[in-house]
Amino acid sequence: MDTIFALASARGKSGVAVVRVSGPKAFEAVGTLCRSTAPRKATVRKLWDDGRLLDEAVVVSFPGPGSFTGEDVVELHLHGSVATVAAVLETLSRKEDLRQAEPGEFARRALENERLDVAQIEGLSDLIEAETEAQRVQALRVLSGVIGEKVARWRSNLTRAAALIEATIDFVDEDVPVDVLPEVLELVSAAQLDLRQELSGWSVAERIREGFEVAIVGPPNAGKSTLLNALAGREAAITSEVAGTTRDVIEVRMDLDGLPVTLLDTAGIREADDHVESIGVSRALERASMADLRVILDTGGGLVLPALPHDIVAVPKSDVGPGDFSALTGDGLDELVGRISSVLSARASSAGILVRERHRVAVEAGISALDIALDRIETSPELAELVAEDVRNAIRSLDVLVGRVDVENLLDEIFSSFCIGK
């Protein structure tokens, strides 16, 4: 396998820049830079290109297989100027058997060397992209291997169930000493129940990863755009006393008590004669119906939409009359934000370990296979071969979760989103 190198920290000027080298020639290549063998612990060394001093850096070695990639790895912690990084990378590129890493290649080697499974790689990707505390915690949980641990337990139990069933096939012409169906039924039912419970938390976990949508809805001139601007802390939407100013849905992404939230400012909902405004009203109704939470502004003329159990109904413009908040003065805004945060936090508490659409599809396929197996056990126990195959189908679906089968196209997609040095 080639020895690869890349800048592992962000590009541009910084206090420290990290260059990572991984592969069978990593120690040898860095040793030539240091004019000695690569140190086996963190050491300050001068880096040379023949007689030219490149930098004085901290050199850290990670012998394989205990490194991130499972190979010999060396990190060079350089002074973070653009010129220093460029000089070191150019010097490495001229060394025999070294080449620039491709996007995600370090992580891909970690997968190939069984340091991480595919679910952990996805967790690593999400951790790099995390913008809020909830996203960080969720991504770190996946990266820690919680999905792989559960899959291993489910797989072990289902493998035993399949083996017990196949034992009845092997002894079809003889007396089987023990009736295995009760244990098979228990193992398969327990796995099915666990999978259903994990699936129930998928939608919330997916929202934490992608972000909750909160739609602000109400009649024209209810102060929706003013509220959006107040919550965003900037002039994200045009405000005017003229009714119908907002024609399209305006989105503002923000961190709300650690949760990723996209606020939606929608057109005022009313019967509109203007064609363009009527399109805006239709879009407002459509986005409001798909939002995770709606803040419905009540101006006294009746709600523009029936409030759902978790919707928040609030009276705006407390600066000019009785109300719950004023987006202009800020009165009551903290309380309104607290109500929004409370609803979303309660929903986030039910998040499971499955965070991607791929996870949902794999688990649903496993549940479907187990449903068929349980039905055969109860109605046609003599069809042992088919029951065993149903259980094996469920195992294969779970193997997809951690990347044991059918992952090549998936890997190309995952690693294409990684930076070069990861």
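Of the set (1) modelled with pLDDT of 90 or more; (2) surrounded by 19 or more Cβ atoms within 10 Å (Cβ to Cβ), all apply to L89 but (2).
With region 332-422 as the region, which helices (runs of 4 or more DSSP H) entirely inside it contain at least 2 residues that are within 28 Å of I169 (Cα to Cα) and at pLDDT 90 or above?
Details: elements: 333-348, 357-379, 384-402, 408-416.
Helices (runs of 4 or more DSSP H) meeting the threshold: 357-379, 384-402.
It is to be established whether one or more residues within region 165-175 are assigned by TED's automatic domain parsing to the domain that holds E378, part of a loop (DSSP other than H, G, I, E, B) and in contact with a Ser or Thr (Cβ under 6 Å, 6 or more places away or on another chain). No, region 165-175 contains no residue that is assigned by TED's automatic domain parsing to the domain that holds E378, part of a loop (DSSP other than H, G, I, E, B) and in contact with a Ser or Thr (Cβ under 6 Å, 6 or more places away or on another chain). Within region 139-154, one or more residues are crowded, with 22+ Cβ neighbours inside 10 Å, over 20 Å from R196 (Cα atoms) and not assigned by TED's automatic domain parsing to the domain that holds S67.
Yes or no, residue by residue, for (1) under 16 Å from L89 (Cα atoms); (2) in contact (Cβ under 8 Å) with a residue 12 or more places away in the chain; (3) small (G, A, S):
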| residue | (1), (2), (3) |
| --- | --- |
| A26 | yes, yes, yes |
| L47 | yes, yes, no |
| L53 | yes, no, no |
| S67 | no, yes, yes |
| G70 | no, yes, yes |
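Listed here are the residues, each with its yes/no results for (1) within 22 Å of R109 (Cβ to Cβ); (2) surrounded by 14 or more Cβ atoms within 10 Å (Cβ to Cβ); (3) touching a helix residue (DSSP H, G or I) at 6+ places or on another chain (Cβ under 8 Å); (4) modelled with pLDDT of 90 or more.
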{"position": "T3", "(1), (2), (3), (4)": "yes, yes, yes, yes"}
{"position": "A8", "(1), (2), (3), (4)": "yes, yes, yes, yes"}
{"position": "V19", "(1), (2), (3), (4)": "yes, yes, yes, yes"}
{"position": "F27", "(1), (2), (3), (4)": "yes, yes, no, yes"}
{"position": "V30", "(1), (2), (3), (4)": "yes, yes, no, yes"}
{"position": "T37", "(1), (2), (3), (4)": "no, no, yes, no"}
{"position": "R40", "(1), (2), (3), (4)": "yes, no, no, no"}
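Whether any residue in region 182-202 is at pLDDT below 85 and within 17 Å of D375 (Cβ to Cβ) is what I want to check. Within region 182-202 (the criterion being at pLDDT below 85 and within 17 Å of D375 (Cβ to Cβ)), the answer is no, since none of the residues qualifies.
The values are calculated or read from the model by the stated rules, or taken from the named source; none is laboratory data. Every value quoted in this text rests on a predicted model; they were computed, and no experiment measured them. Every residue, glycine among them, receives a Cβ derived from its backbone with ideal geometry; neighbour counts consider all protein chains shown.
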